[in-house]
Amino acid sequence: MGATRHFGRVAAVALVLAAALAGCGDDGASGPVTLRYSWWGNAERAELMQKAIDLFQSKNPDIKVTPSFQEFEAYWQKMATETAGGNAPDVLQMDFAYLREYADRGALYDLSEQESNLELGDLLEGLEGAGEVDGSRYGVPVGANTWGYVYNPALFAQAGVAAPRVGWSWDDYRAALRQITERTGVHGGGNYIGSYYNLELQLRQEGGLLYTEDGRLGFDRDRLAKFFQEGVDLAEAGSVLPVEKGVQIKPSFALELDLIAGDLGWDNFTARYAAKAKARLELGPVPGGDERASGQYLKPAMMLSLSRRTEHPEAAAELVSFMVNDPEVGKVFGANRGLPPTNAQRAAAQLEGPLAAVAAYEDAEKARFGPTPPAPPKGAGSLEQAFIRIAEELLYERIGVDEAVDQFFTEADETLGS
């Protein structure tokens, strides 16, 4: 489905990042310092960010924060240029998919050197190691979410299909899609092969990973062929939204337009769907899990990192710590950056409606979550986009399953190295 981020031209990052960067300075002499803080977002987030910065500066009058922001793709293009030119901001918002790429190129400061200025003891269970690469900490999550199943309970009831429950299988899920389509005239869901996070979910339920710790693919050609064939079968049965319709409605999502009965995706998207959909939507357990393990994990929605070139690592670490831990910041942002990453901020955040339902869902499911996987390898963002494109070509019947598998593994070899 379309609930995954679009990285687009951001793959160019790897071509312009400097291979090695000089070391950082320190806060040294007393007196006020100025920190540059860059992040991606829109005007709404900018307003919230300024409130959070004002709070920080009121409690830390010797530290001035100068913020800047762009939309997602423009942000990464600018960040690549500034990093390559040795002019990166002191504090930068980081995406989990690009953490290893920047860390491996020496662009980020090791936050483990600032333990006295960075409090991480209140992070939610499952996020403790998020941001670590090869034993060093290069990022701290400021929001988190998990993969979930959002559905229309009225359509399930109309079709005589039992509501999603812990332990329902992928076979149960596919049967539900067929029955809902046949009995209601509404497509049962989106075609789940459009996102490799659904493949990751299946792999984790089988005890595997999407990427191994050494940055290789965690699955072989036969496993990918099986996954792609499931989507082809669903499309041929008419159980899922046709690919051409899904492309036609972009950037909207089928659930918010009441075109399908349910879909798999990041749980915090529930708020967006609910804001536009006429139907009442709920969150339910993902298919394929059991009472002990669901295959899910808490994923950092976004992170904060420090430039290795920062001249003020202590002050920068204090800013990161404040943004992660301060209850008032949690109240300011709510779930704008994903649900807050610490217990204190989640308790303070005034979550209502769908966002409160997301928080309750995560609380109910967290005992079945597994550990957050290692940071994806360099090039993971562009490889995700290749997966989306290849799956779309497959569903348009422009290529077959074997060719789709060949194309993906060719791109993976080029991106990750043979």
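The values are calculated or read from the model by the stated rules, or taken from the named source; none is laboratory data. Predicted model only: the values in this text are computed from it and were never measured. Here the Cβ positions follow ideal geometry from the backbone for every residue, glycine too, while neighbour counts run over all protein chains shown. With ligands, DNA and RNA removed, areas are computed over all heavy atoms of the protein, side chains included. Shrake-Rupley method; radii C 1.70, N 1.55, O 1.52, S 1.80 Å.
Results for (1) surrounded by 19 or more Cβ atoms within 10 Å (Cβ to Cβ); (2) in contact with an Asp or Glu (Cβ under 6 Å, 6 or more places away or on another chain); (3) at pLDDT 95 or above, shown as yes or no for each residue.
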position	(1), (2), (3)
Gly190	yes, yes, yes
Arg204	yes, no, yes
Phe219	yes, no, yes
Arg223	no, no, yes
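Only one of the numbered conditions (1) modelled with pLDDT of 95 or more; (2) open to solvent by 60 Å² or more (accessible area, probe 1.4 Å); (3) among the acidic types (Asp, Glu); (4) out of contact with any helix residue (DSSP H, G or I) (no Cβ under 9 Å at 6 or more places or on another chain) is not met by Glu44, and that is (1). The residue list Glu213, Glu182 contains one member that is open to solvent by 20 Å² or more (accessible area, probe 1.4 Å) and part of a helix (DSSP H, G or I), which is Glu182.
With the structure loaded, tell me whether Asp233 is among the acidic types (Asp, Glu), surrounded by 22 or more Cβ atoms within 10 Å (Cβ to Cβ) and more than 30 Å from Asn117 (Cα to Cα) or whether it fails that test. Walk me through how you get there before you give the answer.
Details: among the acidic types (Asp, Glu): yes; surrounded by 22 or more Cβ atoms within 10 Å (Cβ to Cβ): no; more than 30 Å from Asn117 (Cα to Cα): yes.
No; evaluated as a whole, the condition is false for this residue.
For the structure I just gave you, tell me whether Pro327 is at pLDDT 90 or above and either surrounded by fewer than 20 Cβ atoms within 10 Å (Cβ to Cβ) or more than 27 Å from Ser305 (Cβ to Cβ) (or both). Criteria met by Pro327. Might you check whether a residue that is under 30 Å from Gly400 (Cβ atoms) and in a loop (DSSP other than H, G, I, E, B) occurs anywhere in the stretch 320-337? Scanning the stretch 320-337 turns up no residue that is under 30 Å from Gly400 (Cβ atoms) and in a loop (DSSP other than H, G, I, E, B). Of the helices (runs of 4 or more DSSP H) contained entirely in the stretch 342-418, those carrying at least 3 residues that are hydrophobic (A, V, I, L, M, F, W, C) and under 30 Å from Leu241 (Cβ atoms) fall at 353-365, 380-395, 401-416. Go through Pro153, Pro141 for me and flag whichever is out of contact with any Gly (no Cβ under 7 Å at 6 or more places or on another chain), at pLDDT 95 or above and under 20 Å from Trp266 (Cα atoms). Residue meeting the stated conditions: Pro153. The set of residues from the stretch 221-252 being assigned to a loop (DSSP other than H, G, I, E, B) and closer than 26 Å to Glu411 by Cβ comprises Leu241, Pro242, Lys250, Pro251. Per the conditions (1) open to solvent by 30 Å² or more (accessible area, probe 1.4 Å); (2) at pLDDT below 95; (3) farther than 30 Å from Lys250 by Cβ, the sole criterion not satisfied by Arg9 is (3). Condition test on Ala375, is it within 18 Å of Glu101 (Cα to Cα) and at pLDDT below 95? Yes.
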